[in-house]
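Q: Dropping the structure in here first, questions after.
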Amino acid sequence: MADFVDQVVLHIKAGDGGHGCASVHREKFKPLGGPDGGNGGRGGDVVLEVDPNTSTLLDYHRRPYRKAANGKQGQGGNRDGAGGEDIVLSVPNGTVVKNADSGEVLVDLIGVGTRYIVAQGGFGGLGNAALASTKRKAPGFALLGEPGDALDVVLELKTVADIALVGFPNAGKSSLVAALSAARPKIADYPFTTLIPNLGVVTAGETVFTVADVPGLIPGASEGKGLGHEFLRHVERCSTIVHVLDCATLEPGRDPLSDFDVIEAELAAYGALDDRPRLVVLNKADVPDARELAEIVTPMLEERGLQVFTISAASHEGLREVSFAMGAMVAAHRESAPVEEPTRLVIRPKQLGAADFEIRRTGENSFQVTGDKPERWIRQTDFTNDEAVGYLADRLERLGIEQALTKQGAVAGAVVVIGPMEGGYVFDWAPTLNAEAHHSGPRGTDNRIG
Ligand SMILES: Nc1nc2c(ncn2[C@@H]2O[C@H](COP(=O)(O)OP(=O)(O)OP(=O)(O)O)[C@@H](O)[C@H]2O)c(=O)[nH]1
Ligand SMILES: [Mg+2]
């Protein structure tokens, strides 16, 4: 039996900043050269990214320790140390990230391409060249690099699909996904064959939708029986619930009606699923007794206001009708649902502590940043607002927005800071504006005193 791996504890460590260098310029016949120690490089970040080709957390189950590279030390001759490489960890759509110690939800990663810096690399220490001042012309010291963030997070996968198939083990949920789509989940004549939800893409006329085959539910699932909680969690993100009822089971104490009630009771106990529309599928109609039973229970279920379909996942009978009914429900939901979640970049500078901020794409050409005051982004107290914005520019750049802002109200390439607003800053996307490139100076400007 495969391991159930849609929840995993990941131990992550961002790179440490490199130390600054204390060095004095040496040249023949010039015994007292100036300071020329370079700054340490920045440590690499650990970034999580939603990848459409990743569907499980299996990889992290196998390798739960992940570390980004450290920054290099500064060198004499004003050479700054190289920054450590970031590492980007691919996660499936719908991954919830929690702090393993506090249980606090850090982020809910939805939408292909959504990125989150889960551990930030340490800043490099300043070298003595950068520390020189009129008072102290040749400091004989440099600053140490900051350590990178180290933390344990829980990654939890909650399937994002239009439709969740729920039912007892062995009811034929995986068989139905396989019959409706190109997915090839494991199908077998024993309960709990499915441990990780299988996703299938179904086309019904104009409507294309996803169906998740949620692992089997048993009585008590809402209290955690069987693999209950693990499975019900997946139903949460689906807009429509389809009951798959086994009309051919010979297990004592079971029939399609009571199975329906048991599953409904579990959904009710789990909570917050009442608003999802339901559809009922009576499966295994290829078995003669099962067909008879389906005919008997159909009017009883219809009396409760449910749409009922008799099918056989094995012989493919009734599949067209049920896929079109599913498609119609999905389409109706999409009509009524708010617009899709925008692409989000979630940034968490460590200086902010708990008060994260988030950049949200509010339109094709605009982002909204919500969070705390920019002054607090950097620990250093004499940090100006402009510098704070410059810091954000660096973060944007690292996140793949290639050209970013330099300072408030100024343009550098593509993003303009319009100005402070309640709870954050508004950025406007202005790709046509021509302006000076940012980061013309050495990376040393990034090496804030730690
Ligand atoms: N005769 C008949 N057998 C079916 C039909 N659909 C599924 N089965 C059989 O029922 C058994 C269970 O099917 P699965 O699709 O694995 O059931 P499941 O609901 O995904 O089960 P779990 O993953 O354990 O929850 C397999 O032996 C299937 O071949 C059907 O329409 N007719
Ligand atoms: Mg299954």
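The values are calculated or read from the model by the stated rules, or taken from the named source; none is laboratory data. Everything numeric in this text was worked out from a predicted model, so none of it was measured. As a convention, Cβ positions derive from the backbone with ideal geometry for all residues, glycine included, and neighbour counts pool all protein chains shown.
Q: If I filter region 157-166 for residues that are within 11 Å of ligand 2 (Cβ to nearest atom) and modelled with pLDDT of 75 or more, do I get at least one hit?
A: Within region 157-166, one or more residues are within 11 Å of ligand 2 (Cβ to nearest atom) and modelled with pLDDT of 75 or more.
Q: Let me ask another. Considering only residues that are of a type in the set (D, E, K, R) and in a loop (DSSP other than H, G, I, E, B), look in region 292-320 and name the one that is farthest from ligand 2 (Cβ to nearest atom).
A: Among those that are of a type in the set (D, E, K, R) and in a loop (DSSP other than H, G, I, E, B), it is ARG304.
Q: So THR159 fits all but one of (1) outside any loop (DSSP other than H, G, I, E, B); (2) within 23 Å of the chain's Cα centre (by Cα); what number is the exception?
A: (1) is the only condition that THR159 fails.
Q: Can I ask one more? Answer with yes or no whether ASP189 is charged (D, E, K, R) and either part of a loop (DSSP other than H, G, I, E, B) or within 16 Å of ligand 1 (Cβ to nearest atom) (or both).
A: So ASP189 fits the description; yes.
Q: A further question follows. Among the residues of region 257-286, how many are assigned to a loop (DSSP other than H, G, I, E, B) and farther than 21 Å from ARG237 by Cβ?
A: Adding up the residues that qualify gives 3.
Q: Mind listing just one residue for me: the one in region 169-184 that is assigned to a loop (DSSP other than H, G, I, E, B) and near ligand 1 (Cβ under 7 Å from one of its atoms) and, of those, farthest from CYS247 (Cα to Cα)?
A: Among them, the one singled out is PRO169.
Q: While we're on this one: Which of the numbered conditions does GLY125 fail, given that it passes all the others? Conditions: (1) surrounded by 23 or more Cβ atoms within 10 Å (Cβ to Cβ); (2) at pLDDT 90 or above; (3) part of a loop (DSSP other than H, G, I, E, B).
A: If we test GLY125 against (1) surrounded by 23 or more Cβ atoms within 10 Å (Cβ to Cβ); (2) at pLDDT 90 or above; (3) part of a loop (DSSP other than H, G, I, E, B), just (2) comes out false.
Q: Moving on to the next point. Just one of the numbered conditions (1) at pLDDT below 90; (2) buried (at least 21 other Cβ atoms within 10 Å of the Cβ); (3) away from ligand 2 (no atom under 13 Å from the Cβ) is not true of LEU250; which one?
A: So the condition that LEU250 fails would be (2).
Q: While we're here: Read through the list (1) assigned to a helix (DSSP H, G or I); (2) free of Cβ contacts under 8 Å to residues at least 40 places away in the same chain; (3) of a type in the set (D, E, K, R), then give the number of the only condition that ASP289 fails.
A: In the conditions (1) assigned to a helix (DSSP H, G or I); (2) free of Cβ contacts under 8 Å to residues at least 40 places away in the same chain; (3) of a type in the set (D, E, K, R), ASP289 misses (2) alone.
Q: Among what's in region 204-216 and is assigned to a loop (DSSP other than H, G, I, E, B) and within 11 Å of ligand 2 (Cβ to nearest atom), pick the residue that is surrounded by the fewest Cβ atoms within 10 Å (Cβ to Cβ).
A: My answer is GLY216.
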